[in-house]
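*Asks:* The structure's right below; bear with me while I get my questions together.
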Amino acid sequence: MPKLKLDNSNALLAQCDEGKRKTDYWDTHIRGLVLEARSTGGKTFYLRYQDKGDRQRQHKICAYGDLSVAEVRKEAQRLRSEIVLGGDPAVEKADVKAVPTYGEFAVRHLAHAKTYQRSYDTTEMYMRRHILPRWGKQRVTAITKAEVAQWLAEKTGEGLALATVEKIRVIFGRSFSLAIEWEVPGVTRDPTVGIKRPPINNARNRYLNPAEAKRLREAVARSRNTQLKYIVGLLLLTGARVSELLNAEWRHIDLEGQAWLIPTSKTGKPRHVPLSGAAIDLLGQVPRFGSCPYLLPNPATLKPFTEIKHAWQAARDRAVLPGLRIHDLRHSAASFMINAGVDLFAVGRVLGHADHKSTMRYSHLANDTLLAAVEAGAAKQVSV
C-alpha cells in the first residue's frame, strides 16, 4: 500500500500498478484518506475508517478532478472530526438515500388523492405539467422555501393566473403535509408555508337580465346538441353547478315533492335543490333513453357529457353574449331570485353555499331590491 502526501502533483502522477485492477494511495497526513487509482484510468478519493462496531467503512468523497486536492483534504479532515465525535458518514449517506425524490413521493401523493378527490384529474394535471418538471428529481428534504418562492414568482411571470399559481402552491404544499403525516425520513417542514402571496380576486360576476336570458334560451334551442336547451334551462332555474347537473340521475329527482337530491356536492355533503313549477315543466320535456339512469346524458354514449364547451360557445355567440361563462348561469339564477325579493339566506340555501361569505357576493343585488322597495314606498306617499 503506497503511502505519500496526497497533493496536486502526487495525485496527478498516481497510476494503477501494472497487472493490478486498482492501487490504493494512502495519505501520510490525514488518517484514512485514500486515492484509488484503477486500471481503467479512473481515480477516486475515499475516506476509510472504523465505525462504532469496529467494521471497516468507506465513504466516497469525489472522483479525481471534481474538487481540488486542497478541497478534498479539507473535506476529509471534516469527516475525520465528525467520526471522532461519534458520527458515521456511511449512516448519514444511507439516511439521505432513504429520502425520496419529489417524483417518487408524488406517486404516493397521487395514489392517495385518487381515493377521495373528485378533482383528481386536475391535481394530476397540475402536478404533471408544473410541479414534476421542476422538482421531480430533487430530494424532498433539499427543497427550500426560497427556491419555492422564486419558482412561484416565475410561474406568475409566465402569464399564469394568480388563482392557478395558488392552486399549484396548494397541491405542492399538500405533498409536504402528507410527507410529515406519513413520517417520511427527514421531512419536518412544508417549504410552501409562509411564502407571501398576492391577493387573488376571482370575483367575476356576470348576471343575465331577462332579455338576455330569453335570447340565450332561443339560441340553445337551435343547438346541434339536443340536450343543451335542457341543461341551460335547468341551470337557470335551479342555480346548480354544471357538474352537478351533468351527473344528475333520474332516481334523485322527486317530481311530486319538487326536489332534486344531489348526493355529493362540492362541500362533500348531500343537499336538496328545490324545483320550481317551471323546472318541473322543463323536466317533463326531457327525453328518456330506455334504462339509462342519467338525467341529461350524451345521446351517443348514454354517459354524462365530459364537456359541452363547443356547443355552449356556439350558442352563446349566437345569442350575442360574448364572454358569458356557463358558470355565470348560476350567478344569474341567484340574481333573478334576489331581484324577486328572496333574502340572501334563502338564496344561499338554494345554491348550497357552505357559509354566508359565498352568498355575500350577491349583497349588492339585495340592496338594489331593497332600494326599489323604499323608492316604491316613497312614491306611494308622494302620490297621496
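The values are calculated or read from the model by the stated rules, or taken from the named source; none is laboratory data. None of these values were measured; they are calculated from a predicted model. FYI the Cβ positions are ideal-geometry reconstructions off the backbone, even for glycines, and counts take in every protein chain you see.
*Asks:* When you go through (1) closer than 19 Å to Ser223 by Cβ; (2) touching a helix residue (DSSP H, G or I) at 6+ places or on another chain (Cβ under 9 Å); (3) modelled with pLDDT of 90 or more one by one for Pro293, which number turns out not to apply?
*Replies:* (1)
*Asks:* Continuing with this model, one more query. Determine, yes or no, whether Leu321 is in a loop (DSSP other than H, G, I, E, B), of a type in the set (A, V, I, L, M) and at pLDDT 85 or above. First the steps, then the outcome.
*Replies:* Numbers: in a loop (DSSP other than H, G, I, E, B): yes; of a type in the set (A, V, I, L, M): yes; at pLDDT 85 or above: yes.
Judged against the criteria, Leu321 is a match.
*Asks:* Can you name the residue in segment 130-186 that is of a type in the set (Asp, Glu) and under 16 Å from Pro100 (Cα atoms) and, of all such residues, is modelled with the highest pLDDT?
*Replies:* First pass over segment 130-186, keeping only residues of a type in the set (Asp, Glu): 147, 154, 158, 166, 181, 183.
Still in the running and under 16 Å from Pro100 (Cα atoms): 181, 183.
Numbers: Glu181: 93, Glu183: 86.
Taking the candidates together, the pick is Glu181.
*Asks:* Restricting to helices (runs of 4 or more DSSP H) lying wholly in segment 155-252: which have 1 or more residues that are of a type in the set (S, T, N, Q)?
*Replies:* Passing ranges, in order: 162-181, 228-238, 242-246.
*Asks:* Pick out the one residue from Leu302, Leu237, Leu295, Leu228 that is surrounded by fewer than 19 Cβ atoms within 10 Å (Cβ to Cβ) and not basic (Lys, Arg). Spell out the reasoning first.
*Replies:* Working: Leu237 fails: surrounded by fewer than 19 Cβ atoms within 10 Å (Cβ to Cβ); Leu295 fails: surrounded by fewer than 19 Cβ atoms within 10 Å (Cβ to Cβ); Leu228 fails: surrounded by fewer than 19 Cβ atoms within 10 Å (Cβ to Cβ).
On inspection, the qualifying residue turns out to be Leu302.
*Asks:* Give the residue, chosen from Gly284, Gly257, that is in contact with a Leu (Cβ under 9 Å, 6 or more places away or on another chain), in a helix (DSSP H, G or I), loosely packed, with under 12 Cβ neighbours inside 10 Å and on the phi < 0 side of the Ramachandran plot.
*Replies:* Numbers: Gly257 fails: in a helix (DSSP H, G or I).
Going through Gly284, Gly257 in turn, just one is in contact with a Leu (Cβ under 9 Å, 6 or more places away or on another chain), in a helix (DSSP H, G or I), loosely packed, with under 12 Cβ neighbours inside 10 Å and on the phi < 0 side of the Ramachandran plot: Gly284.
*Asks:* Is there any pair linking a residue in segment 39-57 that is buried (at least 16 other Cβ atoms within 10 Å of the Cβ) to one that is of a type in the set (Asp, Glu) and assigned to a loop (DSSP other than H, G, I, E, B), with Cβ under 9 Å and at least six apart or on different chains, and which?
*Replies:* Phe45/Asp66; Tyr49/Asp88; Arg57/Asp51; Arg57/Asp88
*Asks:* Just checking, which of Leu235, Leu245 is closer than 18 Å to Thr306 by Cα, among the hydrophobic types (A, V, I, L, M, F, W, C) and within 27 Å of the chain's Cα centre (by Cα)? Spell out the reasoning first.
*Replies:* Values: Leu235 fails: within 27 Å of the chain's Cα centre (by Cα).
That would be Leu245, the only listed residue that is closer than 18 Å to Thr306 by Cα, among the hydrophobic types (A, V, I, L, M, F, W, C) and within 27 Å of the chain's Cα centre (by Cα).
*Asks:* Would you mind stating whether His331 is surrounded by fewer than 17 Cβ atoms within 10 Å (Cβ to Cβ) and assigned to a helix (DSSP H, G or I)? Write out each step before concluding.
*Replies:* On the way: surrounded by fewer than 17 Cβ atoms within 10 Å (Cβ to Cβ): no; assigned to a helix (DSSP H, G or I): yes.
Here the answer is no, as His331 does not meet what is asked.
*Asks:* Among the residues of segment 101-139, what is the count of those that are surrounded by 13 or more Cβ atoms within 10 Å (Cβ to Cβ) and in contact with a strand residue (DSSP E or B) (Cβ under 7 Å, 6 or more places away or on another chain)?
*Replies:* Adding up the residues that qualify gives 4.
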